[in-house]
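> Can you read through this structure? Questions will come right after.
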Ligand code: BV8
């Protein structure tokens, strides 16, 4: 089957895919809040970066957690309740990326800035949550992770947790080191296709990933509702809702 448009075509049957013909061997995808917007999860800028009149940068920080842990827990519990509600589900863009990973014959890595679990629920497997995960808590002493149940409780089992007061959201706050950065930078340095979906390009180091991909000689594509703050760094742009532009690009 011919390549369709400028997208890369991944056949479900074992024919040579356009991806191989186009010599793409390693794809890195970066997603942000925009890919979950059509699933009903509010983006950061969409909420003009505010929550209960707090600037996000003032709630999602270690200092805020020390200053007012209840406020921070309330902030995350509200988002957990929303994520766990039955009307929140992966959308066509999440599913298209899972399909891309499944059909692509080369290396594939999905890096998400999002802390929701919609990529997993859509079937993505080779996935890094560089800013952590909303449905996990972490012991600040042992570093052990605990899944958060639908009643927002956790099975805290490590001794330090038993003594109380050592659990925090497993979320990377502003000023904290994002997760698995070595693996992300290594993979970016090896990729030949970098696709960014649903991110405004306002938060680093994620916003700098396109430059890493460009330096590696990769083809860079921005799939977003509008041109992002780092839009000029991309070789190709498709602007529109993720459920449309992502499905069109990877079909
Ligand atoms: C770090 C988890 C060092 C929490 C998040 C001063 C002091 C300290 C640090 C800094 C400083 N100045 C700058 C920094 C660095 C800082 C930073 O970048 N700050 C910004 C505010 C300037 N970064 C950090 O602190 C990071 N750590 O730097 O450590 C270091 C550096 C390198 C290597 C090692 C160590 C840590 C940042 C992580 C913060 N935690 N999340 C939580 O979620 O509560 S960030 C959070 O905000 C998200 O995870 C995401 O990353 C970011 C929001 O960005 P987006 O996902 O892009 O969402 P946004 O709403 O902005 O945009 C949505 C886009 O989608 C829009 O473009 C929109 O048009 C589009 N869209 C909307 N609908 C759709 C759509 N697109 C398609 N379809 C649609 N339907």
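> If I filter segment 218-232 down to residues being in contact with a helix residue (DSSP H, G or I) (Cβ under 8 Å, 6 or more places away or on another chain) and surrounded by fewer than 19 Cβ atoms within 10 Å (Cβ to Cβ), which single residue comes out as farthest from residue 189 (Cα to Cα)?
The selected residue is 225.
> Restricting to segment 162-191, what's the tally of residues that are in a loop (DSSP other than H, G, I, E, B) and either near the ligand (Cβ under 9 Å from one of its atoms) or without any contact (Cβ under 8 Å) to a residue 12 or more places away in the chain (or both)?
Result for segment 162-191: 10.
> Given the conditions (1) closer than 25 Å to residue 48 by Cβ; (2) buried (at least 19 other Cβ atoms within 10 Å of the Cβ), which single one is not true for residue 250?
It is condition (1) that residue 250 fails.
> Now for a separate question. Here's a check for you: in segment 192-217, which residue that is within 14 Å of the ligand (Cβ to nearest atom) and over 17 Å from residue 35 (Cβ atoms) is surrounded by the fewest Cβ atoms within 10 Å (Cβ to Cβ)?
Taking the candidates together, the pick is 204.
> So residue 200 ticks every box in (1) touching a helix residue (DSSP H, G or I) at 6+ places or on another chain (Cβ under 7 Å); (2) in a loop (DSSP other than H, G, I, E, B) but one. Which box is left unticked?
(1)
> If you scan segment 123-133, which residues turn out to be touching a helix residue (DSSP H, G or I) at 6+ places or on another chain (Cβ under 6 Å) and within 15 Å of the ligand (Cβ to nearest atom)?
The one that is touching a helix residue (DSSP H, G or I) at 6+ places or on another chain (Cβ under 6 Å) and within 15 Å of the ligand (Cβ to nearest atom): 127.
> Moving to a separate point now. Any residue in segment 179-189 that is over 30 Å from residue 144 (Cβ atoms) and at pLDDT 95 or above?
Yes, segment 179-189 contains a residue that is over 30 Å from residue 144 (Cβ atoms) and at pLDDT 95 or above.
> Give me a count of the residues in segment 135-157 that are in contact with a helix residue (DSSP H, G or I) (Cβ under 6 Å, 6 or more places away or on another chain) and either under 10 Å from residue 170 (Cα atoms) or at pLDDT 95 or above (or both).
Total meeting the criteria: 1.
> Still on this model: Could you check how many residues of segment 45-74 are out of contact with any strand residue (DSSP E or B) (no Cβ under 9 Å at 6 or more places or on another chain), touching a residue at least 60 places away in the same chain (Cβ under 8 Å) and assigned to a loop (DSSP other than H, G, I, E, B)?
Going through segment 45-74 one residue at a time, the tally reaches 2.
The values are calculated or read from the model by the stated rules, or taken from the named source; none is laboratory data. Note that the coordinates shown come from a computational prediction; the quantities given were computed from them, not determined experimentally. For neighbour counting, all protein chains shown are included, and Cβ atoms are generated from backbone atoms with ideal geometry for every residue, glycine included.
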